[in-house]
Amino acid sequence: MSKETLARVFDPFFIRKGVGKGTGLGLSMVYGFVKQSGGHVKIYSEVDEGTTVKIYLPRVMNAREADEKDEATEIDRMRRDQRILVVEDDDDVRAYTVEILRELGYRVLEAHDAASAFSLLERQEQTVDLLFTDIVMPGLSGRELADAARRSHPAIKVLFTTGYAHNAIVHGGRLDPGVEMIAKPFIYQALAQKIAEVLDAGRTGRVLIVENDETVRMFAAEALLKAGAAVDEAATASEALGRLRAAGGRYDAVLLDLPLPDKEGESLVAELRAMHADLPILIATNVRAAAMRERFAEDRRVEVIHKPYNAARLQAALEDLRARSRAGFNDSTLDLPQGRP
């Protein structure tokens, strides 16, 4: 292979063959499986000479190590014992996606369009935890499917995928509030990480308190600890952003004091929302509370509480915010559309 081809052999859907003679998914799946096992794969190739593929996998040194790894794998699989509905009209992409998710240990259902997906969803006796859908499909769009699914299954989580840069959920270069998306083509590790992030959102029992007044921060932390939450603390916007990046956004909610000395309030909320679209944010402020409430009225994952507050008000506000966040991003009572031009 040429150097240009060699540089792209693991890219999903990259292929040099003609139409109908391959999908370009084989080597990308090999790469994903090897990486998942903690290994590495390397291809050596020279034009007119040949190609050598070397796969390196970690060695088990003793039986105890093998037992510990088996136990860890079993625990991980138990954590992932969740059901995902994959909706994709391209057969090759759907097969690739389903293969990855089943390899990761998820229970997977699949559908080729929105109408059949909704029908399948309604027939399920067990809960479907995540709807993973393409946005642009013949007939109903993925967004229309998600809206209808949220109405009948308020707790279902949604992850969109698309190969288009502009669509119904991206405006001004940003995702709409409450929307999670992964762009096509995606690789094994990226999909695994994004699926886990969406499924784990709101299940960590951890709250990030961002408050520059140490006394207020200690009071809020004590109130939330008594309520059974785990607490992380930050005194500035930059410290909060660092903690969010380090934790991968794995927080039930952020309690955000405004204003903060190092960043404008609305700018910080926008930055948090851009990093993690589903993150519930409780704004605590003693200035412009009404204006803040009006400013974020359309984002059901933002609530405003006036300072000073007591422990009961804080706990109630967080519970209400998390409940509204779990209920989904669309309040419409719209039935599933029957079709569109």
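Every number here is computed from the coordinates shown, using simple stated rules; none is lab data. Quick caveat, the model's predicted, so the values are computed rather than measured. Neighbour counts run over all protein chains shown; Cβ positions are idealised from the backbone, glycine included.
Some values worked out for this structure:
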read-out	value
Radius 11 Å from Cβ of LYS307, net charge of other residues (Lys, Arg +1; Asp, Glu -1)	-2
Karplus (6.51, -1.76, 1.60) ³J(HN,Hα), θ = phi - 60°, over region 290-296, in Hz, Gly and Pro reported as x	4, 5, 5, 4, 5, 4, 10
Pairwise label distance in nanometres, ALA190 with ARG151, each label 7 Å out on the Cα-Cβ vector	3.3 nm
